[in-house]
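Report on the following structure.
The values are calculated or read from the model by the stated rules, or taken from the named source; none is laboratory data. Small disclaimer: the values here were computed from a predicted structure and weren't measured. Note that we place each Cβ from the backbone using ideal geometry, even for glycine, and neighbour counts take in every protein chain shown. Just the protein is used for accessible areas: all its heavy atoms, side chains included, with ligands, DNA and RNA removed. Shrake-Rupley method; radii C 1.70, N 1.55, O 1.52, S 1.80 Å.
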Amino acid sequence: MDTLNAPPPRCDPPDAGLVEAVLQELAVMLEALAGDEQFNDAIDLHSLPLDDGAREQLRQRLGRGEIEARLELAGLTYIVETAYAGLWWVRHADADEHTVFEQIVVARVPPLLPAHGADIAAAARRLGAELSG
Amino acid sequence: MTDSQPLGEMLRERGVSRRAFLKYASYMASLMALPPAAAATMAQSMAQARRQSVIWLSFQECTGCTESLARSFSPSLEEMIFDLISLDYHHTLQAVSGEAAEQARRQAMRDHKGKYIVIVDGSVPTAGGGVYSAIAGQSNVAMLAETVEHAAAVIAVGTCAAFGGLPEADPNPTGAVPVSKLVMGKPLINIPGCPPMPQAMAGTLVHLLSFGKPPELDALLRPLAFFGETIHDRCYRRQFYKRGLFAKSFDDAGARKGWCLYELGCKGPVTYNACASLKWNGGVSFPIQSGHGCIGCSEPRFWDRGGLYKALPTGTGERRRVVPIAAAGGAALGVAAAALARGRLAAAASKEAK
């Protein structure tokens, strides 16, 4: 038997209870965001005992929205809006595309997307210097 | 601190944006089991901090701990730690050598008195006045005492530094001891593992840098974020354990199907570490996933637990204690218990002989 190419051990069916629990928590957080636009929190998927099946089930339940962003930050980061406005699936990868960690961010805009004030100030100085020759 | 420039400014000049910084802080918060909201606080704290002076002392070690932290087959987030610290002394990584290296260590100690962090890998030999390991004519014992005197904190990385490791294993000819036996009155963190996980080392350093204090530790001074669960707690093969499906040998049908390795000596149930969740080599695999049981390398005295392939029910005590206790079982535990213990030892010895 070619053990190197053998299929991985079959796991139990995805833990539907855990997926439901995560969705319930997201619902509470989304409610908080609806009441306060400044609300900003996340669920760290790494901290949960989600196997691949449960993770995929959660992804399917949340669906996809209108926005997909690809960020190049010490490796790639993918931000995908789910079908629920305010819920964002954020996957951080290293330079080899290995997933380093994943989060579901609950916010108007994920904190990684907006340009930071210090970076804007530095960019303004840089552009000004470039234009002034 | 080494440089006067805040880390945020320094990194921006190197092309590391605040976004990347925030991503790194989010990753570290995730590793340290902190709430996601802590990432922003960590990013802000680190951005305002100066580079942390670190002195790395290597004693009775194999360099595996350094390799774990520094070696990467591709750029990874863990490597950012080298932007946040100033590694002022490290035998393997530093450019200078000889007396110049020792001068660099003492200069860093003077410049950052009371603020530098000392990282130690390798155990410390104490037999014969410490003659079994010396650097630049100075015994490890003396160098450790000199360096930690004005340190802010000490981190013992690797099982050798944390618990004694292989050098301390029976019969311990060099009198090797862990760092904890020699360092008193300083904040001490143990990050064991043979080698330790790079995320554990980097995450602990970042926690110190962000919050100015060690993370929450267990009774063995190990960060709970990485050593709060056993391998068994997060093992993907636990489903087979629960169903009583065990591999009996490394090449049988059960092994090929990926069944539990408990009966082949896996020490997962008694080993606290993050291998099963974080995995190694960029999250690719870990020993059990590769078909070999956990050897318990992040626990004290794992070398003397009676054999890597002895299943846990046969005893995890040191080999030199198990046989006398079994032999004395007739008096202390009853004839039946002694016979059972002798039978298990014989079966295990027979299995090992094969």
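Numerical summary
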{"item": "Heavy atoms of residue B:248 accessible to a 1.4 Å probe, total area in Å² rounded to 10", "result": "120 Å²"}
{"item": "Per residue value of the accessible surface for segment A:16-132 (all protein chains in place, 1.4 Å probe), Å²", "result": "55 Å²"}
{"item": "Modelled FRET efficiency - R0 30 Å, residue B:219 with residue A:34, Cβ distances, 0.05 increments", "result": "0.10"}
{"item": "Virtual spin-label span in nm between residue A:56 and residue B:92, 7 Å along Cα→Cβ", "result": "3.9 nm"}
{"item": "Solvent-accessible area of residue B:303 with every protein chain in place, 1.4 Å probe, in Å² to the nearest 10", "result": "100 Å²"}
{"item": "Heavy-atom SASA rank of B:186, B:23 (probe 1.4 Å, accessible area, largest first)", "result": "B:186, B:23"}
{"item": "Total lysine pairs whose alpha carbons fall under 15 Å of each other in the protein assembly as shown (8 or more apart, or interchain)", "result": "11"}
{"item": "Solvent-accessible area per residue, Å², over segment B:35-151 with all protein chains present [probe radius 1.4 Å]", "result": "41 Å²"}
{"item": "Rounded if a/c under 1.5, otherwise prolate or oblate - chain A, Cα gyration tensor axes", "result": "oblate"}
{"item": "Rounded to the nearest 20 debye, dipole of segment B:216-319 from Cβ charges on Lys, Arg, Asp, Glu", "result": "360 debye"}
{"item": "Placed amide H near residue B:116: partners under 5 Å, 5+ positions off or other chain", "result": "B:152"}
{"item": "Hull shadow area, averaged, the protein assembly as shown [alpha-carbon convex hull, nm²]", "result": "29.2 nm²"}
{"item": "All-pairs Cα distance distribution in segment B:7-225, expressed in whole percent, bin size 5 Å", "result": "1, 7, 15, 19, 20, 17, 11, 6, 3, 1, 0"}
{"item": "Value of [θ]222 nm, deg cm²/dmol, for the protein assembly as shown, DSSP H segments ≥ 4, -39500 (n - 2.57) each, nearest 500", "result": "-11000 deg cm²/dmol"}
{"item": "Pairwise burial B:A, computed as accessible area of each alone minus the pair, summed, 1.4 Å, Å²", "result": "2600 Å²"}
